[in-house]
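Quick notes on the structure that follows.
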Amino acid sequence: MNLPAPIRWEDGRLWLLDQRRLPDQVTFEEQHDASQIARAIRNLHVRGAPAIGVAAAYGMAMAWRDRVDLQDAARELREARPTAVNLAWAVDRMLAAATRQEDLIDEARCIHEEDRAMCEAIGRHGAKLIKPGSSLLTHCNAGALAVSHLGTATAPMYVAHEAGVRFHVYVDETRPVLQGSRLTSWELSQAGIDHTLICDSVAAHLMADGAVDLVIVGADRVTANGDTVNKIGTRALAIVAHYHDVPFYVACPSSTFDPTTAAGSDVAIEERPAAEVTDGIPAVTGVKVRNPAFDVTPAELVTAYVTERGVTGDIGDGLRRKSGCEP
Ligand code: MRU
């Protein structure tokens, strides 16, 4: 299967696939230090919760190698985007490795490698949810571009596809930055998975027709009570799925679970520039714009979480984090 790798570490140099230019251009840009990586995270050059964690880990490794103050690098990287817990999780893990006087390049590579392994495990567990002939719906891009390997929400799709299961995926375009139409659709095309692009507001109509068997999305953070913070529009999709009795699955690695935050209402929701909403769109000049990047789906609307440990409604399974590279 032809899957894009958004982060490359080669001979001590870091390259990030510039996701702002996809699908028109596939360009990798070398990153030289933690500040440049923080900028790349802030402006969506690299995006998706696990991927920004991995990129930040390499940023910390470069700061350590170049003898830059690690606390300064950590602050800059952590502040780049506030919502996805994987970013702070990766930075904290790098700081802990520094305290133990470990090699931070090795630790960053370890986080990157773990991410790949988690995607494969999520794919193996989640593939069982995809029955032959079924129709899925996904939102945003929780695919290979957002992670290190198979993605999270897309991992079950890739594993099922490889096993010869035939199914169909509806892809929400995901306004305003169009991660669905630009990224997920591109990824699924490369992998040869049958899919149809829809506007974000189409899901309810399709579900009323019985055209959707299950929804799978990713997550930027799952709080202690199971609330799921993900791309804006996820909450509406979960409410609509609940109304139509369509199962709603959240696929994410254990690094996305945040046991220290009680509920979704405690999470800082990133507000992004108005230009993302208005650029290229006819709008009244000077009109007020709100552009929250994420929303909170209440735990009771989630059928189950698909993690590297299995498919479970018990978030305790997801909360038991691993540490250190798997053998
Ligand atoms: O703003 P983005 O593109 O970084 O938002 C990404 C999402 O919301 C994804 O669903 C989430 O990070 C999970 S990625 C495996």
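The values are calculated or read from the model by the stated rules, or taken from the named source; none is laboratory data. Keep in mind that what you see is a predicted model, and the values were worked out from it rather than measured. As a convention, Cβ positions derive from the backbone with ideal geometry for all residues, glycine included, and neighbour counts pool all protein chains shown. Accessible surface areas use protein heavy atoms only, side chains included; no ligands, DNA or RNA. Shrake-Rupley method; radii C 1.70, N 1.55, O 1.52, S 1.80 Å.
Hydrodynamic analysis of the stretch 1-82 uses the Kirkwood radius over alpha carbon pairs. Inserted into Stokes-Einstein at 25 °C and 0.890 mPa s, it gives a translational diffusion coefficient of 192 µm²/s.
The relative contact order of the chain, computed from alpha carbon pairs under 8 Å that lie at least 6 residues apart in sequence, is 17 percent.
Over the stretch 164-242, accessible surface divided per residue gives 35 Å², non-protein components excluded, 1.4 Å probe.
Kirkwood hydrodynamic radius, computed over distinct alpha-carbon pairs, for the stretch 139-237: how many Å, to one decimal?
On the way: mean 1/r = 0.0720 Å⁻¹.
That comes to 13.9 Å for the stretch 139-237.
How big is the shadow of the Cα convex hull of the stretch 18-149, averaged over all directions, in nm²? Before the final figure, lay out the partial values.
Numbers: hull surface 36.2 nm².
So the mean shadow area of the Cα hull is 9.1 nm².
If you run the Gaussian network model on the chain, springs between alpha carbon atoms under 10 Å, then out of Ala38, Ala275, Ala90 the most flexible one is Ala275. A Förster radius of 22 Å combined with the Cβ-Cβ distance from Arg290 to Ile239 puts the calculated FRET efficiency at roughly 0.70.
For the stretch 185-269, report the % of Cα-Cα distances exceeding 20 Å.
Result for the distance tail: 44 percent.
Straight-line cross-link reach from Lys131 at under 18 Å between alpha-carbon atoms covers these aspartates and glutamates, not counting any fewer than eight positions away in the same chain: Glu162, Asp194, Asp213, Asp245.
State the three equivalent ellipsoid semi-axes of the chain, derived from the C-alpha gyration tensor as the square roots of 5 times its eigenvalues, in descending order and whole Å.
30, 22, 19
Kirkwood radius for the stretch 69-143, taken over all pairs of different Cα atoms as the inverse mean of 1/r, rounds to 15.1 Å. Rg and Dmax of the stretch 148-204, based on Cα coordinates, read 11.5, 34 Å. Please report, as a whole percent, how much of the solvent-accessible surface of the chain comes from carbon and sulfur atoms (probe radius 1.4 Å). Ligands and nucleic acids excluded, carbon and sulfur give 49 percent.
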